[in-house]
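Shown next, in structure tokens, is the structure this report addresses.
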């Protein structure tokens, strides 16, 4: 993989040619050589008179000595630069930081590399997460970590102060995200500010902040920390500087509408920050910002789902976590070599910390499966509280979609190592891989398949080599093409009931809204005036339902031909995201903030909402996780079966 652009930091000197280096070095060395040669020439004449071989070859030997003297500093300079630029975390022997039950995550390496702070549930069944500290040296293996916090809330995202005397961290509950400090020597906590999570974090779908990293990160002088916060932001969700002494906040970055800045990391050799700017659920780029002036510089243009980036001490090269294929890898990114995978254990690797000797990272195992709930005439069966697991391959499965006749179920899975479309005959057929989109399109992410009403076409979302695009294929998925060529984020396609239109979400007006385009071709037309991320048409084709792209809640409705947009009564408190599906007589959805695992049903005729059942596990975030067949006999949903993380240490 090669980045489209990889920018040098402003303070990085331009690389010079060999001729330029020789020219600059020669000026300094010639004066010294001239002085030395005057003393050396007298001895050389005496040696040549006494030694015939030196007399015959003296000029050649003298020339060789001079050339060697000129080239030696150049070669040394190249060797030093090469060593500085290739201090890669390769050839590392990796091991678990702590061999003990429970989940460990959010590792933070101290400035001296001797200690790591991390989050752990202690192997306890209560599901409470606290911050622990232990040494990174091999002799520390097997020692019990020191427990730093013990609050009933989840304590997450620890960060060391530059002198190692304090830890900044976040205390997270369903109602509040608070920044705190912990004084290592005094064992005291100091509350700081409360953060506004609007637009970047939802506790009900991500209680452990697996998918977001708002900081904190310390300033180089230890006088402030940097965090993500939506409160009083001018546009988007920026990073803020919070003064340790006064708790005063100053906005540092300016992401722009629908952008979220996070994953802040201090540059090892300076005071600047490296951070990630997220423009979509699966897209983030690395930037550098001067903490004194606020000037920003983009470092990557990958269109990848980056999950952590840090700048090496040479000021040029990056280590980052990127979703190559369907899995996250740790990459070394150099101007000279491009992107080089770092050989570390684990399939999904996130948030690396590296000090030149030790690499610390979190590795995650994840799996999700398909489940079925029987329906009767499109509505929940009274007393039905059992869901049945459907055959699906091992791995992560999401985005179920029924064919119009209900004979096939198609979904997305990473069981083959890349995101591909899979299908199974219904009921109970064995799954088989349908597409080869990774080879055909170079697609690294696939989601949201949807059948046309005649069953002859499948629309889906893919990321071939840039923004998300709506793709079209026949039911065999043997050949796929982009619905429209542009450079916008376009996601979540669905078909109109008559098969003439394809609805999709697009940011082409710098605002995420629902658009539609005739399946036969033509110009795309904006449908919603408000921000929206996903739309589904009613089975009779008269109404278009959609969910907001911003933090507005509920399911909204409008006439398919246009008109007023209004929230459906009874759904106002629901955060829907991709967890909803339109049936023939109502809408099924997840997302009540106080009951994140409860499935609800909104009935069109009575305009009422009622709970259907409580699921044993949550649904995976940021993907389509529900579908109803057109006959109204079955609801298929996705459950998160496994999500287990460990902290790893890699050392030479």
Least to most buried among 327, 106 (fewest other Cβ within 10 Å first): 327, 106
Sites residue 642 and residue 454 - FRET efficiency at Förster radius 45 Å, r taken between beta-carbons, to 0.05: 0.75
Nearest-0.05 FRET efficiency for residue 96 and residue 500, computed from C-beta distance (R0 51 Å): 0.35
Alpha-carbon centroids, the range 229-285 and the range 491-533: separation in whole Å: 31
Difference of contour (0.36 nm per residue) and Cα-Cα distance, residue 147 to residue 530: 133.1 nm
Pair residue 235, residue 112: separation of 7 Å Cα→Cβ label points (nm): 4.5
Calculated P(r) of the range 172-211 - Cα pairs past 14 Å, %: 53
Estimated inter-spin distance, residue 376 and residue 206, nm [label 7 Å along Cα→Cβ]: 4.0
Sites residue 520 and residue 561, calculated FRET efficiency, Cβ-Cβ separation with R0 25 Å, nearest 0.05: 0.85
Ranked list, fewest to most other Cβ atoms within 10 Å of each Cβ, for 539, 226: 539, 226
Relative contact order computed over the range 433-513 (Cα-Cα under 8 Å; 6+ residues apart), in percent: 23
Sequence of 573, 633, 494 once ranked by neighbouring C-beta atoms within 10 Å, starting from the fewest: 573, 633, 494
Distance (nanometres) between label positions extended 7 Å along Cα→Cβ at residue 539 and residue 293: 6.3
Alpha-carbon gyration tensor eigenvalues x 5, square-rooted, for the range 95-356, Å: 25, 23, 19
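Just so you know, all these numbers are worked out from the coordinates, no wet-lab data involved. The structure presented is a predicted model; accordingly, all values stated were derived computationally and were not measured. Methodologically, a virtual Cβ is constructed for each residue, glycine included, from the backbone with ideal geometry; neighbour enumeration extends over all protein chains shown.
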